[in-house]
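To start, the structure under review is shown below, and the notes come after it.
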Amino acid sequence: MSVENQTSLTEFFIVGFPGLHQNYYGLIAAVFFFVYMCTLVGNAIFLLLFVSDRNLHKPMYFIILNLVVSDVLFSTTTLPKIIA
């Protein structure tokens with residue numbers, strides 16, 4: 001006996017934040033932009049500390065540096081898309 005997946009769904013819509021009025025989207029975008037800028041500033045501070053202090057050039061701090069770079073790259077690719 002053959003069992004097939006039967007559905008009548010042909011399309012769907014991603015609505016984002018349901019229930020919000022159109023004028024609140026600017027506020028949400030501003031909050032996400034603020035979070036994005038805080039992420040960039042915080043990671044930039046660590047990068048500057050790492051570059052300026054020779055005592056931080058140890059393996060443990062290289063791992064943290066990799067996490068900082070990953071965080072910057074992830075934030076730069078996802079948050080602007082969410083804001084848009």
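The values are calculated or read from the model by the stated rules, or taken from the named source; none is laboratory data. These figures come from a predicted structure and were not determined experimentally. Here Cβ is always computed from backbone atoms with ideal geometry, including for glycine, and neighbour counts include all displayed protein chains. Surface areas here come from the heavy atoms of the whole protein model, side chains and all, with no ligands, DNA or RNA. Shrake-Rupley method; radii C 1.70, N 1.55, O 1.52, S 1.80 Å.
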Chain lengthening between Thr10 and Phe50 when straightened (0.36 nm per residue, less Cα-Cα): 9.2 nm
Efficiency of FRET from Cβ geometry, Thr77 and Ala30, R₀ 25 Å, rounded to 0.05: 0.80
Solvent-accessible area of Thr7 with every protein chain in place, 1.4 Å probe, in Å² to the nearest 10: 100 Å²
